[in-house]
Structure formats: C-alpha cells, structure tokens
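A.B. asks: Dropping the structure in here first, questions after.
Any read-out appearing in this document is the output of simple, stated calculations on the displayed coordinates, not a laboratory observation. Values in this document were obtained by computation on a predicted structure and should not be read as measured data. Note that each Cβ is placed from the backbone with ideal geometry, even for glycine, and that neighbours are counted across all protein chains shown.
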Amino acid sequence: MLVEMIFAGFGGQGIMTLGMTLAYAGMIEDKNVAWIPSYGPEMRGGTANCNVIISDDVIGSPTTDTPGAVMVMNLPSFHKFEPKIKPGGTLIVNSSLISDVSKRDDIKSFYLDTAGVAKELGNLVFAGMVALGGLNEAMNLVKTESLEMALKKLLPEHRHKLIPLNVEALGRGAALVKNGS
Amino acid sequence: MSDVKTIAEPVQEKLVFDRPKSLTKRGFTYCPGCGHGVIHRLVAELIDEFGVQDRAIGMASVGCSVFSYWFFDCDFISCAHGRAPATATGVKRAHPDAFVFSYQGDGDLASIGMAEIMHAANRGEQITVIFVNNAIYGMTGGQMAPTTLENMVTTTSPLGRDPILAGGPIRMVEILANLDGVAFAARGSSSSPRNILKAKAYMKKAFRSQIEKKGFGIVEILSNCNTNWRKTPQEANKFIDEEMVKAFPLGVYKDVFADKSKK
Amino acid sequence: MSESQRELMKGNHAMCLGAIRSGARAYYGYPITPQNEATEYMSFHMPKAGGSFIQAESEIAAINMVFGAAAAGVRAMTSSSSPGISLKQEGISYIAMAELPCVIANVVRCGPGLGNIAPHQGDYFQATRGGGHGDYRTITLAPASVQEMAQLTYKAFDLADEYRNPSLILSDGVIGQMMEPVDLATIPAKDAPKKDWAVGLGQDKRERNVHTTIYLEPEDMAQMHLKLIDKYDRIRREVQYYEEFRTEDADILIVSYGNSSRVARTAIRHLREEGKVKAGMLRTISLWPYPYRILNEIASNYKAILVLEMNWGQMVEDVRLAIGDKTPIHFAGKHGGLLFTPAEIEEFVCAIDKDPNNPKTAWTPIR
C-alpha cells in the first residue's frame with residue numbers, strides 16, 4: 001500500500017490538522033506515514049496545503065506531484081490540484097464552497113456538502129471532518145477508531161468534549177461517499 | 001641592609017604585603033607601568049577575600065589581557081573577541097554557584113562585544129565584569145577605540161579623533177546603569193593609590209552583586225596605555241586624572257546596596 | 001492496535017527530543033526560519049528537563065553561550081538555519097580548537113545571502129570542510145527522516161563527547177518541517193557523562209582547568225595541530241555512516257543524502273517496478289567523515305554513478321575523491337529551493353543508463 005494525498009483549502013479551514021489526524025491514525029495502525037506542510041511556491045495563491053503519505057514500505061519522497069487522492073476545500077485548490085491527480089485517483093470536493101465540477105473521467109470524484117452537514121451538527125468547524133470522513137471511506141485508509149484515537153492525541157484536553165461530534169462528522173462524510181455523492 | 005637583623009634582635013616579623021593566593025607564580029608580561037598588573041591584583045585579592053578561589057571561573061577577552069589565565073589561578077576560558085559575556089552566561093547557567101567573571105578591555109567590550117555585554121547585563125546575568133578602559137587598542141598597536149577621547153591621536157586617527165566622523169568616547173557604565181538587570185555599575189581609576197583603593201571598593205560591590213545574587217555587576221576602570229599613548233607611566237596616569245576623567249567621570253552609577261533612605 | 005512507543009513529530013521537534021534524551025541540558029538559539037520549531041520546543045522542554053534555555057541576542061552570542069556551557073561540562077546545543085550558521089562559524093572554530101563537545105544543527109535553507117526559506121543543500125562544503133577559519137573539521141551527520149533527526153542528534157552528542165569535537169546536524173527545511181513517527185525506544189533518556197576537564201566548582205581538590213585557543217608560538221601551535229590531526233584521522237577511520245538501498249544488483253548507483261535521497265528512493269522503486277533500469281543508492285549519513293571507503297569498494301560494480309544534490313555540485317567532489325575515474329560520474333543538481341521530483345530523477349537515470357559516458361552529463365573537475 002502506498003497512498004499519496006494532498007489536502008488543500010484556505011488557511012483557517014483546519015487543513016493542516018486534518019492531514020495530521022489522518023497521518024496519526026495511519027501510524028496507530030502501524031503504517032509508515034509522513035505529513036508535510038506546503039512549502040515554497042506551493043504556499044502562494046490562496047491555498048494552504050499539506051501532503052500526507054501512508055505506506056507499508058519506508059516512505060521515499062515526502063511530497064508528491066502526482067497524488068493518488070486530493071481533498072480540496074476551496075476553489076483555488078480545486079483548480080491547482082484537480083489536474084494533478086493520478087489516473088484512477090480520487091477527488092474529494094467541498095461542494096459547499098466549490099461549484100465547479102471535474103471534467104476528468106479517469107478519476108473518481110465525490111462532491112460533499114460539508115457545510116450543510118456541519119451546520120446540522122451545530123458548528124461549521126466540523127466541515128473538514130466531514131470531508132476527511134469521505135476521503136477515508138473512498139480510499140479505505142484507516143479505521144474510524146484510529147482517527148478517534150488520533151484526535152485524542154492531537155486535540156488539547158479542553159477540546160476532547162468535541163471528539164464525539166468530530167467522530168459523527170467523520171461518519172456523516174463516509175455516509176455521503178457511500179451513497180455516491 | 002644585611003645587618004638589620006643583627007641590630008634589632010629579636011625580630012617580630014609581620015607580613016604586610018604578599019602575593020594574593022589567586023595569582024599564579026608567573027610574572028606579569030604587561031608593559032611596565034600598565035594598569036593591568038594592579039587591576040589583576042585587585043581582582044585576585046577580592047577572590048581571596050571572598051574565599052571563592054575554588055569556584056572562580058574567569059573569562060579572558062581578546063586584547064592585552066588575552067593571557068590573563070596565565071596569571072589568575074583558577075579555571076579559565078579564553079573567549080572569542082567581545083563574546084566573554086555570552087560565554088560567561090553559558091558557564092554561569094551551568095554552574096549557578098560558581099563565581100564567574102569576565103575581564104575585558106574597551107575594544108572587546110564596547111565595540112565588537114557591544115551586543116553581548118548589553119544583553120548579558122539586561123538579562124541580569126549573575127556575573128561580574130571587570131572592564132579596563134585605556135581608550136585604545138593596545139595589543140594590536142594603538143588603534144582608535146570606541147572610548148578614545150576627542151582629538152586623541154591614535155594610529156587610525158592620526159589627526160586626532162574627529163567626533164564628526166568617528167563619534168565620541170562611549171560611556172558604557174552610564175548606559176548599562178539604565179538596565180534593570182544591572183545591580184552595580186561604577187567607574188574607578190587605576191591612576192593613583194587613592195583611586196586604586198576606591199576602585200577596589202567598587203569591585204567589591206560588583207563581586208557582592210553576584211555572590212548575593214543581586215544581579216549583574218560591572219566596574220569600569222580607567223587605565224593607562226603608556227606605550228601606545230607615547231607617554232611615561234607618570235605622564236600617562238596624569239593624563240587619566242586630568243583628561244580622561246572629563247570624558248569618563250568617576251563614581252557609582254547604580255548600586256543596589258545603597259542606603260536609599262539617605263537620598 | 002499496538003502498544004508502540006511511536007509518536008508523530010515534526011523533524012525539528014524530534015531533533016530537540018533526541019538532544020534532551022541524550023542528556024543535553026543547555027540550548028541557546030535565535031529565531032530563524034525554517035528552524036523556529038526547535039527554539040520554541042526548547043524554550044519549554046529544556047527548562048522542564050532541568051536545563052537552561054536562552055533566546056540569545058544573536059547567533060554569535062548563542063554559539064558563544066554554547067562554548068561556555070560546553071566548557072562547563074554540560075551537553076550543549078544550538079540550532080539555526082544557513083545565514084545564522086554563517087554567523088556561528090566564529091564560535092565553532094573556537095570550540096573546535098578548544099576541543100569542546102557540542103552539537104550545532106543547521107536546518108538548511110537556500111542561499112547565498114538571505115536567499116529564501118526553501119530547503120536546499122548548499123551548505124555542504126561549509127559543514128564538511130570546517131566552515132570557519134583555520135584547519136579543523138566538524139563531525140557532520142545528515143538525517144533523511146524525522147526518526148533520524150531524533151536518533152542522529154542523540155548520536156551526535158555521543159560522538160562529540162567521545163572525540164571532544166563539535167558535531168553538526170545537517171538537515172533542511174523539508175526534514176525539519178515534516179512529521180513522521182519517531183520510535184521513542186530508540187532514544188532512551190540518559191545522563192550525560194561527567195567530564196573531569198570541565199571548568200566548575202571544587203577547584204581546591206584538583207588541578208585547574210583552562211580552555212584556550214591561542215598559542216602564539218608556532219611550535220606550540222604545531223603541537224596542537226598534530227593533536228587535532230591525529231584525532232581527525234581517528235574519526236575518519238571510525239565514523240563512516242551510510243545506507244545501501246538496492247545496490248546489490250544495480251546497474252546505476254545514485255549517491256545522495258538527506259531530503260534528495262528520499263526522492264531518489266521513490267524513483268528507484270518506480271524504475272524497477274516499470275522494469276526500466278536497475279538503480280540502487282548509497283545514501284551517505286556521515287558527510288564528514290565521508291564514507292569514502294565503501295564508495296571506493298563498490299564503485300566499479302556499476303555502469304555509472306549519479307550524484308543528486310540540491311545545489312550546484314558539492315558532494316560530487318567527495319564522490320570523485322572516493323573513486324577517481326573508476327566509474328563515470330554524473331551530476332544532477334536542483335536549484336532555488338525547488339525539490340527533486342521522482343520523474344526527473346527517473347529521466348536522468350534512464351539517460352545515463354543508455355549512455356553512461358555521455359560527456360554532456362558527466363561530471364569532471366577538469367574544464
């Protein structure tokens with residue numbers, strides 16, 4: 001198994017933490033993982049992004065130009081990364097903020113109304129988790145329990161009361177993908 | 001005088017002058033008449049008086065006193081030019097109970113080492129700084145120092161220091177006294193026995209500042225460089241008393257031990 | 001779910017954890033990107049471990065504080081990035097001459113000048129040839145992962161103490177900023193060794209200790225030089241670290257280190273999966289001493305050697321020193337702070353495989 005992913009969106013959408021959560025969960029499942037924030041020219045153009053790699057083997061390059069999966073939370077990210085996805089790869093689109101649709105037929109695309117679900121859960125901050133749940137379902141990466149454990153490690157103690165809602169957001173995202181959004 | 005003993009018999013010997021324990025047996029290599037010898041002696045006397053020879057750690061600077069570890073009998077580090085206060089900081093943080101002092105000249109402390117002295121003082125490092133100001137770069141052959149007086153001739157100010165072009169003599173203890181971390185700051189002189197005793201009294205307080213953990217202590221001591229000033233030692237000491245003190249007034253600029261009720 | 005001791009950490013944090021667990025109790029730093037995580041981490045964790053932390057007024061002050069702490073017998077460290085490391089060279093030269101152990105970490109960015117904050121490997125010569133004035137060397141280790149940031153820093157302190165010499169960690173922005181698991185079991189917390197040569201208390205019960213770097217008499221200095229040379233020779237024999245990756249059946253050998261070697265690993269796997277070229281890699285971990293011995297031994301097993309560096313060609317000179325003209329050497333550089341991509345490395349390798357003697361890509365010191 002070798003999955004190279006890019007997470008991208010506006011600064012403030014929690015992109016970095018979402019990537020870290022997935023990397024941590026992968027580590028909990030004894031996989032090799034690497035997370036790296038956007039660097040150099042990638043930092044420009046209204047997107048914050050990170051690369052996450054999960055692998056059974058020792059990880060080589062920590063960055064990728066040909067990701068197997070991309071999760072985009074805003075429009076500039078969509079334009080920047082959608083064309084880079086490897087044929088056969090997966091695209092998760094935050095359709096609450098992105099109205100464009102991929103014209104590629106060599107990738108699987110999912111359009112998730114993350115904000116809609118997050119609002120139902122009572123707070124927009126859960127939008128990212130909805131998307132992550134969708135990505136995890138589409139790629140079959142890690143168990144939800146591993147993501148929950150990762151959140152326990154990554155979130156400060158006083159935020160732990162939010163973990164159940166985060167887990168619910170993950171599940172709602174996964175359900176959207178399962179139902180073919 | 002070999003017959004004195006036979007006349008005054010029996011002799012009651014009373015030792016009135018000896019070499020401080022904290023000086024090695026090595027003879028000073030400074031120029032005759034230079035102030036370093038007497039200032040070394042004052043530091044060593046105080047190390048003896050405070051009984052800290054077993055935990056004194058000195059920082060030699062770069063300049064004429066680069067070899068001061070030849071003369072002080074305690075642990076020593078010969079530091080990079082101007083960096084003694086930073087190196088002293090590293091030592092003191094490792095050994096808070098050591099007595100850590102730096103012995104620096106004016107080029108070292110007030111020019112290249114300006115950042116290190118300012119910030120060590122501002123952090124209130126528990127160290128004692130002996131700052132020997134002879135208004136010139138001695139070891140390198142008499143170049144202009146940051147403390148060189150206006151119109152003073154040096155090898156790099158052959159027409160005299162022009163304050164328009166080169167600024168004026170920098171007054172370090174006045175500047176340092178403004179910093180909260182400084183417990184004691186004073187300026188003395190090595191030009192006469194009276195001044196030497198006064199300088200020692202200042203140095204004693206700079207020692208106490210560290211030993212009693214009050215903060216950073218510095219004593220600037222005006223000293224002569226008769227060789228590079230092209231003067232005899234007597235003329236040079238007279239120059240300190242008559243000219244140098246105008247630019248560098250003697251006195252105490254900060255004293256945490258002062259009785260504040262008298263003010 | 002395994003009960004592993006793995007933690008997901010940033011490279012710069014892992015480096016600091018490795019230092020503290022090896023018994024480091026002094027850290028002095030100054031802000032510069034991309035190593036700020038190190039100074040920030042130490043500002044909290046060093047005092048917690050009972051050590052001293054100071055945000056120094058400059059890089060120069062920081063290294064001179066390390067000089068003092070090292071002379072006082074404490075395992076001491078500073079870290080910075082390229083322009084800051086240039087400033088530290090004065091202090092490093094003094095520490096090398098005074099034969100004091102310490103660790104200096106360079107999270108390399110792109111230069112010369114202010115350059116940019118992107119990763120680069122342009123400080124190779126500075127790190128491996130001494131860096132400051134005078135005839136000295138610093139042990140230089142190049143981590144290629146977050147795990148190695150922890151482990152090699154831990155090791156760097158041991159080497160520094162063993163040889164009484166400064167050790168350098170040469171990483172870069174990518175290795176410093178990325179997160180990977182660190183196995184804490186590989187860096188068990190330990191106490192630093194006691195040093196009888198350190199300045200400190202209790203001088204009435206021993207000879208006094210003096211650390212100096214000035215020897216005005218050339219004859220005295222020559223004695224010191226001979227002592228250092230003898231030590232450096234010993235280090236050269238005893239410290240040559242490297243990793244071989246799929247070298248056994250390779251036709252083309254890549255030589256690389258740090259971040260570049262990771263991209264090379266991906267490229268090598270891909271080339272083999274596609275059945276294009278059998279490539280392998282010698283990843284150098286110690287950059288000084290350079291692993292000349294192994295390179296010299298294995299060089300003639302390959303059609304050609306490709307040296308990959310994110311610079312204009314620095315380590316390639318060491319490769320040439322190691323093997324002479326036994327095997328054609330090719331060089332591929334990457335500039336400006338841009339990263340290699342696996343695709344471009346694959347392209348280089350394929351071209352060299354087709355024409356191992358192509359003078360257009362061959363590297364030679366003779367122009």
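A.B. asks: On alpha carbon coordinates alone, what is the Rg over Rh value for the stretch B:169-263, Rh being the Kirkwood radius?
C.D. replies: Values: Rg = 14.4 Å, Rh = 14.0 Å.
With Rh from the inverse mean 1/r over Cα pairs, Rg/Rh is 1.03.
A.B. asks: If you line up the Cα atoms of the stretch A:48-96 on their principal axes, what length do they span on each, largest first, in Å?
C.D. replies: Cα spread of the stretch A:48-96 along its principal axes, largest to smallest: 36, 24, 16 Å.
A.B. asks: With a ≥ b ≥ c taken as the square roots of the eigenvalues of the C-alpha gyration tensor of the stretch B:21-178, please select rounded if a/c is under 1.5 and otherwise prolate if a/b is larger than b/c or oblate if it is not? Write out the running numbers ahead of the final one.
C.D. replies: On the way: a/c = 2.38, a/b = 1.46, b/c = 1.63.
Because a/c hits 1.5 or more and a/b fails to exceed b/c, the stretch B:21-178 counts as oblate.
A.B. asks: Percent antiparallel among DSSP beta bridges with both residues in the stretch C:243-354, to the nearest 5?
C.D. replies: Values: 3 of 17 bridges.
Antiparallel bridges: around 20 percent, rounded to the nearest 5.
A.B. asks: State the antiparallel share, in %, of DSSP beta bridges confined to chain B, rounding to the nearest 5.
C.D. replies: Details: 8 of 35 bridges.
Around 25 percent of the beta bridges assigned by DSSP in chain B are antiparallel ones.
A.B. asks: I've got another one for you. With a Förster radius of 35 Å, plug the Cβ-Cβ distance of C:ARG164 and B:LEU15 into 1/(1 + (r/R0)^6) and report the FRET value to the nearest 0.05. Show your work: numbers first, answer last.
C.D. replies: Values: r = 43 Å, r/R0 = 1.24.
Efficiency at R0 = 35 Å is approximately 0.20.
A.B. asks: Let me ask something else about it. Hey, got the dipole for the stretch B:69-176? About the Cα centre, +1 on K and R Cβ, -1 on D and E Cβ, debye to the nearest 20?
C.D. replies: 180 debye
A.B. asks: Can you give me the orientation-averaged projected area of the convex hull built on the Cα atoms of the protein assembly as shown, in nm²? Each step should come with its number before you reach the end.
C.D. replies: Values: hull surface 182.4 nm².
Mean orientational projected area (the protein assembly as shown, Cα hull): 45.6 nm².
A.B. asks: Let me make sure I get this right: for the stretch A:2-178, a, b and c are the square roots of the gyration tensor eigenvalues over alpha carbons, sorted descending. Under 1.5 in a/c it's rounded, otherwise prolate if a/b > b/c, else oblate. Which is it?
C.D. replies: On the way: a/c = 1.42, a/b = 1.11, b/c = 1.28.
Because its axes are fairly even, with a/c under 1.5, the stretch A:2-178 counts as rounded.
A.B. asks: Separate question: How far apart, in nm, are two points set 7 Å out from the Cα along the Cα-to-Cβ line at A:ILE163 and at C:GLN223?
C.D. replies: 6.6 nm
A.B. asks: Given R₀ = 60 Å, FRET efficiency for C:LYS205-B:ILE164 by Cβ-Cβ distance, to 0.05?
C.D. replies: Values: r = 58 Å, r/R0 = 0.96.
Once the sixth-power term is evaluated, E becomes 0.55.
A.B. asks: Based on a Kirkwood Rh over C-alpha pairs, give the Stokes-Einstein translational diffusion coefficient of the stretch C:243-354 at 25 °C and viscosity 0.890 mPa s in µm²/s.
C.D. replies: Result for D is 180 µm²/s.
A.B. asks: Sticking with this one: Please list 3J(HN,Hα) in residue order for the stretch B:49-65, calculated via the Karplus relation 6.51 cos²θ - 1.76 cosθ + 1.60 where θ = phi - 60°; whole Hz, with x for glycine and proline.
C.D. replies: My calculation for the stretch B:49-65 gives 4, 7, x, 10, 4, 6, 9, 8, 10, x, 10, 7, 9, 10, x, 4, 8 Hz in order.
A.B. asks: Using a 10 angstrom Cβ neighbour count of at most 10 plus a DSSP loop assignment to flag exposed GluC sites (Glu not before Pro), which longest range of chain C is free of such sites?
C.D. replies: Details: sites that count: C:GLU3, C:GLU207, C:GLU248, C:GLU274.
Excluding the exposed sites themselves, the longest stretch runs over C:4-206.
A.B. asks: Let me ask something else. Determine the percent antiparallel among the DSSP beta bridges restricted to chain A, to the nearest 5. Write out the running numbers ahead of the final one.
C.D. replies: Details: 14 of 27 bridges.
Among the beta bridges of chain A, antiparallel pairing accounts for roughly 50 percent.
A.B. asks: Please state, to two decimals, what the Cα-based radius of gyration of the stretch A:89-144 comes to when divided by 2.2 N^0.38 Å (N = residues). Before the final figure, lay out each step's value.
C.D. replies: Details: Rg = 11.9 Å, N = 56, 2.2 N^0.38 = 10.2 Å.
Normalised Cα radius of gyration, the stretch A:89-144: 1.17.
A.B. asks: Here is a further query. Find, to one decimal place in angstroms, the Kirkwood hydrodynamic radius of chain C, where the mean of 1/r is taken over every pair of different Cα atoms and then inverted. If you can, show how the numbers build up before the last one.
C.D. replies: Working: mean 1/r = 0.0473 Å⁻¹.
It works out to 21.1 Å.
A.B. asks: Given a Förster radius of 56 Å and the C-beta distance between B:GLU242 and C:GLU238 as r, what FRET efficiency does 1/(1 + (r/R0)^6) yield to the nearest 0.05? Can you show the working numbers first?
C.D. replies: Details: r = 64 Å, r/R0 = 1.15.
Efficiency at R0 = 56 Å is approximately 0.30.
A.B. asks: Could I ask something else about it? For the protein assembly as shown, what is the calculated [θ] at 222 nm in deg cm²/dmol (nearest 500), taking -39500 (n - 2.57) for each run of four or more DSSP H residues and dividing by its residue count? Before the final figure, lay out each step's value.
C.D. replies: Working: 27 runs with 294 residues, N = 811.
Estimated from H runs of four or more residues: -11000 deg cm²/dmol.
A.B. asks: Can you tell which of B:GLY168, B:ASN228, B:ALA199 lies farthest toward the positive end of the dipole of the stretch B:149-251, using +1 and -1 charges on the Cβ of basic and acidic side chains (Lys, Arg; Asp, Glu)?
C.D. replies: Looking along the dipole axis, the top candidate is B:ALA199.
A.B. asks: Would you give the gap between the C-alpha center of the stretch C:124-200 and the C-alpha center of the stretch A:143-181, rounded to a whole Å?
C.D. replies: 39 Å
A.B. asks: State the answer as a single residue: which of C:CYS110, C:CYS350, B:SER102 lies farthest towards the positive end of the charge dipole of the protein assembly as shown, with beta carbon charges of +1 for Lys and Arg and -1 for Asp and Glu, about the Cα centre.
C.D. replies: B:SER102
A.B. asks: A further question on this structure: Suppose each label sits 7 Å from its Cα in the direction of the beta carbon; what would the B:ASP180-B:ASP48 distance come out to in nanometres?
C.D. replies: In this crude label model, B:ASP180 to B:ASP48 measures out at 4.0 nm.
A.B. asks: A further question on this structure: About its Cα centre, how strong a charge dipole does chain C have in debye, to the nearest 20, once Lys and Arg get +1 and Asp and Glu get -1 at the Cβ? Don't skip to the end; give the middle numbers.
C.D. replies: Details: 39 positive and 44 negative charges, 38 e Å.
Once rounded to the nearest 20, the dipole reads 180 debye.
A.B. asks: Normalised radius of gyration for the stretch B:46-112, please: alpha carbon Rg relative to 2.2 N^0.38 Å, two decimal places. Show your work: numbers first, answer last.
C.D. replies: Values: Rg = 11.5 Å, N = 67, 2.2 N^0.38 = 10.9 Å.
Rounded to two decimals, the normalised Rg is 1.06.
A.B. asks: From the gyration tensor of the Cα coordinates in the stretch A:126-167, what semi-axes in whole Å does the equivalent ellipsoid have, largest first, with each one equal to sqrt(5λ)?
C.D. replies: Details: eigenvalues 73, 25, 9 Å².
Computed over the stretch A:126-167, the values are 19, 11, 7 Å.
A.B. asks: Same structure again: Can you tell me the 0 to 90 degree angle between the C-alpha axis of helix C:59-71 and the longest principal axis of chain C, rounded to 10?
C.D. replies: 60 degrees
A.B. asks: Which value, in debye to the nearest 20, describes the size of the charge dipole of the protein assembly as shown about its Cα centre when Lys and Arg Cβ atoms bear +1, Asp and Glu Cβ atoms bear -1, and nothing else is charged? Let's see the in-between values first.
C.D. replies: Working: 86 positive and 89 negative charges, 301 e Å.
In total the dipole reaches around 1440 debye.
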